[in-house]
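The block underneath contains the structure these notes are about, expressed in structure tokens.
Quick note: the coordinates plus some simple rules give every number you see, no bench work behind them. Since this is a predicted model, take the numbers as computed values, not measurements. Positions of Cβ are generated from backbone atoms using ideal geometry, with glycine treated the same way; all protein chains shown enter the neighbour counts.
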Amino acid sequence: DDRRVTISPQAIALTIAGSDPSGGAGLQADLKAFQQNGVYGMSVVTLITVQNSLGVGRVEMLSPELVCEQYDAVVSDIPPRAIKTGALGTGAIIAEIADRLDGCDCPIVVDPVMVSKHGAPLVDDAAVMAYRDTLLPRATLITPNRFEAERLLDRKIGGELDDLFDATKELQELGPEMVLLKAGEFDGSQLHVFLASDTIVTLTLERHPTDQTQGAGCSLAATIAARIALSSPEEAHEPRIRAAVDFGVAAVNHAIRFAPNYGNGR
Ligand code: PLP
């Protein structure tokens, strides 16, 4: 029946993220990425933004209790094969969620979202500390961009390849098993640095001139989580995550290349 989308019954992913009602970023982008990859998606809401393609109007954080109640309700009933976190709002939410994730046996992809591409803050001041102290040590993979990496490391990162390698290693020392540093433009290409155990590789992609990139970070981390959910926990761990990263990076690069323009802004 070609009216039916094939969703694998065991491929289940959960996003813990904020709402972008315009559907470009946040949990809406995550759920679309899950569905696009044939994965059953669930979402725990952490904060509500009022926004459209022109910008973010208001951000309202939910209470840590309400976030955790959602998490407990879904996870106790429908265990996910992969979890992704996006905008978490407050240090208190980050710490509570980190506590919950301690008991979780599936891979966890942490996208340490801090500001929207419109410049609106999506976490409070306590968030960076909470990431460092509680959530990063429980992450299988973190996917910071350069700005987020600098905030997490509390220092500037230089422009040479060695500077990026050093930063990636320092991020791994904060506790996550693996790091995907989205370094941005480098030598005319789009560069990511990936570190697993002590193997560091660069992933180089063609740059596509567009400013239609709202939600690209969300979509990347969610696609990686979806591909992990599709793969088997029996597979060798590191190659399993690496394959999901390779797929996600290529898929989002392709999506950016063909990104249409919805609305009057980004
Ligand atoms: N999460 C929410 C709720 C957002 O509104 C945004 C950006 O506006 C993001 C995450 C981050 O989006 P991006 O993938 O563009 O970094």
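Annotations for the structure displayed:
- Sorted by Cβ neighbour density within 10 Å, fewest at the top, the residues M42, M129: M129, M42
- Ranking of C104, C218 by neighbouring Cβ atoms within 10 Å, starting from the fewest: C104, C218.
- For region 64-190, the fraction of C-alpha pairs more than 22 angstrom apart is 36%.
- For region 169-238, GluC sites (Glu not before Pro) meeting the loop criterion (DSSP other than H, G, I, E, B) and having at most 16 other Cβ atoms within 10 Å: E206, E234, E235.
- Database remark: amide H of M178 closer than 5 angstrom to the amide H of L141, I142 (H placed geometrically; neighbours at sequence offset of 5 or more, or on other chains; Pro and chain starts carry no H).
- Fraction of beta bridges assigned by DSSP in region 12-257 that are antiparallel (%, nearest 5): 50
- Reciprocal mean inverse distance between Cα atoms of the chain - Kirkwood radius, Å: 18.4
- Rounded Å value of the spacing that divides the Cα centres of region 51-93 and region 1-42: 15
- The slack in the chain from K117 to H237, taken as 0.36 nm per residue of separation less the alpha-carbon distance, amounts to 40.0 nm.
- Its relative contact order, with pairs defined as Cα atoms under 8 Å and 6+ residues apart, puts the chain at 19 percent.
- Cross-link reach list, lysines versus K156, counting only Cα pairs under 30 Å and skipping chain neighbours closer than eight places: K84, K117, K169, K182
- When each of T140, T210, T15, T202 is scored by the number of other beta-carbon atoms lying within 10 Å, the sequence from fewest to most is T210, T202, T140, T15.
- The label-point distance for R58 and H208, in a model that sets each label 7 Å from Cα toward Cβ, rounds to 3.5 nm.
- Mean residue ellipticity at 222 nm, helices only, the chain: -11500 deg cm²/dmol; runs of at least 4 DSSP H residues each add -39,500 (n - 2.57), and the sum is divided by the number of residues.
- Approximating the spin labels as points 7 Å out from Cα along Cα→Cβ, the H254-to-L161 distance works out to 2.7 nm.
- Charged side chains reduced to their Cβ positions (Lys and Arg at +1, Asp and Glu at -1) give the chain a dipole of some 840 debye around its Cα centre.
- Candidates A255, A13, A167, ranked by Gaussian network fluctuation over the chain, Cα under 10 Å, top entry: A255
- Estimated Rh, region 194-234: Kirkwood, alpha-carbon pairs, angstrom: 12.9
- When only Cα pairs below 8 angstrom with a gap of at least 6 residues are kept, region 145-240 shows a relative contact order of 17 percent.
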